[in-house]
Amino acid sequence: MSEARNPAPAFPDDFDAEFPVGTGGNKAYFGRNVLRGLVDGIDDFIELRQPRWRQPRAVGPAMLASAMWIDDSGLIDKLDELSGASVVVTKQVRSPRQVERMQVLQDLNDGSPGLPVRAFD
């Protein structure tokens, strides 16, 4: 007798929300769209879609961040478009499979300029 399969638990569609924040088109994302909102926000910043972002920059569009892990290809690709990025990844790599999954981040790190000291006043 085969065991009945239960679908994986999922958040309902009404869990996702997008709210305007302040002026100028800023948004806050909740639910399953948070990562998409982050990638879109980085893209907005790269494209200088708000006048306040058009200030002189020492290195161009850059990002400081911290995350438990990064494995989303859209986010990784967007990081590669920045002039510099520093992301602290706190997830501990233990198994050979985890080491393999982190290789994409190692490759990104090896080919990225990082953030030069002149970026910090």
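The values are calculated or read from the model by the stated rules, or taken from the named source; none is laboratory data. From a predicted model like this one, the values you see are computed outputs, not experimental measurements. Glycine also receives a Cβ, built like all others from the backbone with ideal geometry; neighbour counts cover every protein chain displayed.
Does any residue of segment 82-103 turn out to be farther than 30 Å from ASP13 by Cβ and touching a helix residue (DSSP H, G or I) at 6+ places or on another chain (Cβ under 6 Å)? Walk me through it before giving the result.
Initial filter on segment 82-103 (farther than 30 Å from ASP13 by Cβ): 82-90, 92-100, 102-103.
Pick out the ones that are also touching a helix residue (DSSP H, G or I) at 6+ places or on another chain (Cβ under 6 Å) and you get 85, 93.
Checked segment 82-103: at least one residue is farther than 30 Å from ASP13 by Cβ and touching a helix residue (DSSP H, G or I) at 6+ places or on another chain (Cβ under 6 Å).
Considering GLY37, GLY60, which residue is touching a strand residue (DSSP E or B) at 6+ places or on another chain (Cβ under 8 Å) and surrounded by 14 or more Cβ atoms within 10 Å (Cβ to Cβ)?
Values: GLY60 fails: surrounded by 14 or more Cβ atoms within 10 Å (Cβ to Cβ).
Sole residue among the options that is touching a strand residue (DSSP E or B) at 6+ places or on another chain (Cβ under 8 Å) and surrounded by 14 or more Cβ atoms within 10 Å (Cβ to Cβ): GLY37.
To keep it simple, each residue is scored yes or no on (1) surrounded by 11 or more Cβ atoms within 10 Å (Cβ to Cβ); (2) under 24 Å from ASN109 (Cβ atoms); (3) of a type outside the set (D, E, K, R).
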{"position": "ARG5", "(1), (2), (3)": "no, no, no"}
{"position": "PHE15", "(1), (2), (3)": "yes, no, yes"}
{"position": "ASN26", "(1), (2), (3)": "yes, no, yes"}
{"position": "GLY31", "(1), (2), (3)": "yes, no, yes"}
{"position": "ILE42", "(1), (2), (3)": "yes, yes, yes"}
{"position": "SER66", "(1), (2), (3)": "no, yes, yes"}
Review point. Restricting attention to segment 40-47, does a residue exist that is closer than 23 Å to ALA67 by Cβ, in a strand (DSSP E or B) and under 15 Å from the mean Cα position of the chain (by Cα)?
Key: no
Review point. So which of VAL93, VAL104 is of a type in the set (A, V, I, L, M) and at pLDDT below 80?
Key: VAL93
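Just to be sure I understand, how many residues within segment 83-121 are assigned to a helix (DSSP H, G or I), loosely packed, with under 12 Cβ neighbours inside 10 Å and of a type in the set (S, T, N, Q)?
First pass over segment 83-121, keeping only residues assigned to a helix (DSSP H, G or I): 96-111, 117-119.
Pick out the ones that are also loosely packed, with under 12 Cβ neighbours inside 10 Å and you get 96-97, 99-100, 103, 106, 110-111, 117-118.
Retained after the next criterion (residues that are of a type in the set (S, T, N, Q)): 103, 106.
Qualifying residue count for the region: 2.
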Review point. Right, GLY74: at pLDDT 85 or above and exposed (fewer than 11 other Cβ atoms within 10 Å of the Cβ) or not?
Key: no
